[in-house]
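The values are calculated or read from the model by the stated rules, or taken from the named source; none is laboratory data. Here the structure is a predicted model, which is why all the values come from computation and not from measurement. Positions of Cβ are backbone-derived with ideal geometry, glycine not excepted, and every protein chain shown enters the neighbour counts.
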Amino acid sequence: MQTPLPSRGLSSVRPDSPPRARRWALGFGLWTPRLRAGFTLVEMMIAIGILSLVLAAIYSSWTAILRASKTGLDAAAAAQRARVSIRMLEDSLGSAQSFAQNLPLYAFVAENGSEGALSFVARLSKSFPRSGKFGDLDVRRLTFAVESAPDGSHQLVLRQNPLVMEMDIDEKEHPLVMAKNVKGFEMLFWDSNKNPPDWVEEWSEAKTNQLPKLVMITLKLADNPNSDRITEEITRIINLPGMTVQPIWQVPRFGGAPGQPPGAGAGLPQVNPGVVPPQQGHP
């Protein structure tokens, strides 16, 4: 006797049946267990909104950290540039040279103002910036100048050219940038001819054949091109140990001096070493 099959849609397997029997019944659509409820659409939207807020907070914090880091690095770089600039001015002014016999070549020129400039001749060391470009030409004219930068601010630049040689095109178009965002480059000179001696703002053209004893340099910098607030100000008083070599020191007074070129002592009395020359009115 055959057992009749149950009708479709009716469950012949009880809930307490073994798992194998329940899987068989489910496969034939005879019994469907009660499914567990999931997230609703509103809950998912709330979860996505909370996640978006968390990501936005993390992103804003990260960008704030990056901006603060960039600001700190820029400030440190500006301060370092200012110190290096002052150090270069100290080293170069400390080795300045001037010869009265060749004033057009050794003139000391200074100009204050919004675009100040300072130009002089110095004997530089091998460690001075761009010395490798000029090789053994250690005596060079240095020109420090404040010029307009591409971003609209001002920058302190340095140009060099060997003595008695013209400045090349590369040095003119691509000077060494010493400091950026310059708000002031001021110079004061110690004038010992005044009574009493005092600082002066201009080194007049009549004194270009002289080297000042002291130079006070003030460099003012801002933190960005669009800011008028001075964040770094450095002032140094630089002593110039050199002095202008007079013509009488350049050309020996008596002929026959060691190392004197031929004909340099022509027309001058010859004096033998160890013999005192006679004075006028005495035999």
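In the range 14-22, is there at least one residue being of a type in the set (Asp, Glu) and at pLDDT 90 or above?
Going through the range 14-22, the residues of a type in the set (Asp, Glu) turn out to be 16.
Those left that are additionally at pLDDT 90 or above: none.
For the range 14-22, residues of a type in the set (Asp, Glu) and at pLDDT 90 or above: absent.
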task = Could you grab me the full set of residues in the range 91-113 that are in contact with a Ser or Thr (Cβ under 8 Å, 6 or more places away or on another chain) and of a type in the set (Asp, Glu)?
result = Asp91
ask   = Filter the range 122-155 for residues that are touching a residue at least 40 places away in the same chain (Cβ under 8 Å), surrounded by 18 or more Cβ atoms within 10 Å (Cβ to Cβ) and touching a Leu at 6+ places or on another chain (Cβ under 7 Å); which is farthest from Ser92 (Cα to Cα)?
value = Phe144
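Let's see how each residue does on (1) outside any helix (DSSP H, G or I); (2) surrounded by 11 or more Cβ atoms within 10 Å (Cβ to Cβ):
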{"site": "Gly38", "(1), (2)": "yes, no"}
{"site": "Ala64", "(1), (2)": "no, no"}
{"site": "Arg81", "(1), (2)": "no, yes"}
{"site": "Met88", "(1), (2)": "no, yes"}
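If a residue has to be in contact (Cβ under 8 Å) with a residue 24 or more places away in the chain and assigned to a loop (DSSP other than H, G, I, E, B) to count, how many in the range 156-174 make the cut?
Going through the range 156-174, the residues in contact (Cβ under 8 Å) with a residue 24 or more places away in the chain turn out to be 156, 158, 160, 162-165.
Narrowing the set further to residues that are assigned to a loop (DSSP other than H, G, I, E, B) leaves 163-165.
Selection size over the range 156-174: 3.
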query = Can you spot a residue in the range 204-225 that is loosely packed, with under 14 Cβ neighbours inside 10 Å, at pLDDT below 85 and among the basic types (Lys, Arg)?
reply = no
ask   = Is it true that Ala64 is at pLDDT below 90 and hydrophobic (A, V, I, L, M, F, W, C)?
value = no
remark   = Restricted to the range 99-115 and to residues being small (Gly, Ala, Ser) and at pLDDT below 90, the residue nearest to the chain's Cα centre (by Cα) is Ser114
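Based on this model, can you work out whether Asp136 counts as of a type outside the set (Lys, Arg), closer than 19 Å to Leu221 by Cα and in a loop (DSSP other than H, G, I, E, B)? Let's see the steps before the verdict.
Working: of a type outside the set (Lys, Arg): yes; closer than 19 Å to Leu221 by Cα: no; in a loop (DSSP other than H, G, I, E, B): yes.
No: the conditions fail for Asp136.
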inquiry  = Quick test of your reading of the structure: Ser125 fulfils all but one of (1) touching a strand residue (DSSP E or B) at 6+ places or on another chain (Cβ under 7 Å); (2) among the hydroxyl-bearing types (Ser, Thr, Tyr); (3) farther than 15 Å from Val164 by Cβ. Name the failing condition by number.
reply    = (1)
ask   = Can you name the residue in the range 189-215 that is in a strand (DSSP E or B) and under 25 Å from Phe99 (Cβ atoms) and is also nearest to the chain's Cα centre (by Cα) among such residues?
value = Val215
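So, in the range 92-121, how many residues would count as being part of a helix (DSSP H, G or I) and either free of Cβ contacts under 8 Å to residues at least 24 places away in the same chain or crowded, with 16+ Cβ neighbours inside 10 Å (or both)? Break it down into steps so the answer makes sense when it comes.
As a first pass, look at the range 92-121 and keep what is part of a helix (DSSP H, G or I): 92-94, 100-106.
Checking which are either free of Cβ contacts under 8 Å to residues at least 24 places away in the same chain or crowded, with 16+ Cβ neighbours inside 10 Å (or both) leaves us with 92-93, 102, 104, 106.
Total satisfying the criteria: 5.
Could you identify the single residue in Pro129, Pro150 that is farther than 18 Å from Lys183 by Cβ and in a loop (DSSP other than H, G, I, E, B)? Full working, then the answer.
Details: Pro150 fails: farther than 18 Å from Lys183 by Cβ.
So the residue among Pro129, Pro150 that is farther than 18 Å from Lys183 by Cβ and in a loop (DSSP other than H, G, I, E, B) is Pro129.
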